[in-house]
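Colleague: Pasting a structure here, questions to come.
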Amino acid sequence: MKQYVKGKPDPEGLKCFVMANPSGIPLDFCMYEGNGKEIQSEKVPPPEKLDVGGKVVVKLTDTSTEKSSIYVDRCFTSVPFLDKLLRDRNITATGTIMLSRIARSIRFEEDATMKKTRGSHDQVVRNDGNLAIIKWFDNRAIYLASTEAGVEPIEKCTRWSKKEKKYITVPRPCVVKAYNNNMGGVDLLDRMVGKYGMRAWTHKRTNRVIDHFIDFAVAAA
């Protein structure tokens, strides 16, 4: 069960996947038990080609109601995952997505062209109208996939400009605003758990797990 995640402050440990609302209230969680343990939803069987991240989110939405909206980061987002939730659970989802998970047949405007105008965007909508993939250029290109929102309506947001050394307004697609407003609940929960957590003076994993979930419950309360 012990995992190593490169780049994390504590790279070695047990992995706990958590779903929380934007206020940091946990809605569901599950422990990752390693590659040998199948991650299985109790309501809908995940497709075989779905990766671990997608399977975890499908499992966590077992306790969510229909017409819910969830937001995930690039580690979990894929087109099969978005289609699965919408088709089988009637749950919409939005997330940043890796460029490698976007079909090569989809062509977006080149970075060199988009970087001339900060806040420029390009959007591709699937023929059935149920999926939109958006490229938004802020300081760099950001890709999002969504079964809930697209570019419209476009609003303004404030960004710091290193070149002009002041805050400027740039156009921001609707899907980016929704993603920014609804992400961060799990990070907030982790911060609360860490700030008031019990200090376990032991390396015994069972004790540390017990202590963590006591902290988890207190932070949730």
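The values are calculated or read from the model by the stated rules, or taken from the named source; none is laboratory data. Treat the numbers as computed from the prediction; the structure is a model and nothing was measured. Note that we place each Cβ from the backbone using ideal geometry, even for glycine, and neighbour counts take in every protein chain shown.
Colleague: Would you check which residues across segment 182-211 are more than 14 Å from residue 24 (Cα to Cα) and in contact (Cβ under 8 Å) with a residue 60 or more places away in the chain and list them?
Modeller: Selection gives 205, 209.
Colleague: Taking residue 20 as meeting all but one of (1) under 28 Å from residue 131 (Cα atoms); (2) in contact with a Phe, Trp or Tyr (Cβ under 6 Å, 6 or more places away or on another chain), write down the number of the exception.
Modeller: That leaves (2) as the condition not met.
Colleague: If you go through segment 141-173, how many residues are free of Cβ contacts under 8 Å to residues at least 12 places away in the same chain and either crowded, with 18+ Cβ neighbours inside 10 Å or assigned to a loop (DSSP other than H, G, I, E, B) (or both)?
Modeller: Summing the residues that are free of Cβ contacts under 8 Å to residues at least 12 places away in the same chain and either crowded, with 18+ Cβ neighbours inside 10 Å or assigned to a loop (DSSP other than H, G, I, E, B) (or both) in segment 141-173 gives 4.
Colleague: Can you list the strands (runs of 3 or more DSSP E) found entirely within segment 1-117 that contain at least 1 residues being touching a residue at least 40 places away in the same chain (Cβ under 8 Å) and closer than 20 Å to residue 148 by Cβ?
Modeller: 16-20, 69-72, 92-96
Colleague: Right, next: Being in contact with a Ser or Thr (Cβ under 9 Å, 6 or more places away or on another chain) and modelled with pLDDT under 90 is the filter here; which residues of segment 89-100 pass it?
Modeller: 89
Colleague: Suppose we keep only residues that are under 23 Å from the mean Cα position of the chain (by Cα) and among the hydrophobic types (A, V, I, L, M, F, W, C) within segment 148-163. Which one would you say is farthest from residue 122 (Cα to Cα)?
Modeller: In this case the residue turns out to be 157.
Colleague: Okay, moving on. Can you name every residue in segment 1-56 that is of a type in the set (Gly, Ala, Ser), loosely packed, with under 12 Cβ neighbours inside 10 Å and more than 17 Å from the chain's Cα centre (by Cα)?
Modeller: Result: 7, 34, 36.
Colleague: May I pose another question? Return only the number of the condition from (1) surrounded by fewer than 16 Cβ atoms within 10 Å (Cβ to Cβ); (2) of a type outside the set (Gly, Ala, Ser); (3) over 17 Å from residue 179 (Cβ atoms) that residue 73 does not satisfy.
Modeller: Only one criterion is unmet by residue 73, namely (3).
Colleague: Could I ask something else about it? Taking segment 14-66 as the region of interest, how many residues are among the polar types (S, T, N, Q) and at pLDDT 85 or above?
Modeller: Result for segment 14-66: 6.
Colleague: To continue, here is another question. Can you find a residue that is out of contact with any helix residue (DSSP H, G or I) (no Cβ under 8 Å at 6 or more places or on another chain) and basic (Lys, Arg) anywhere in segment 148-157?
Modeller: So far as segment 148-157 goes, yes, one or more of its residues are out of contact with any helix residue (DSSP H, G or I) (no Cβ under 8 Å at 6 or more places or on another chain) and basic (Lys, Arg).
Colleague: Additional query: Is it the case that residue 50 is out of contact with any helix residue (DSSP H, G or I) (no Cβ under 7 Å at 6 or more places or on another chain), closer than 16 Å to residue 85 by Cα and hydrophobic (A, V, I, L, M, F, W, C)?
Modeller: no
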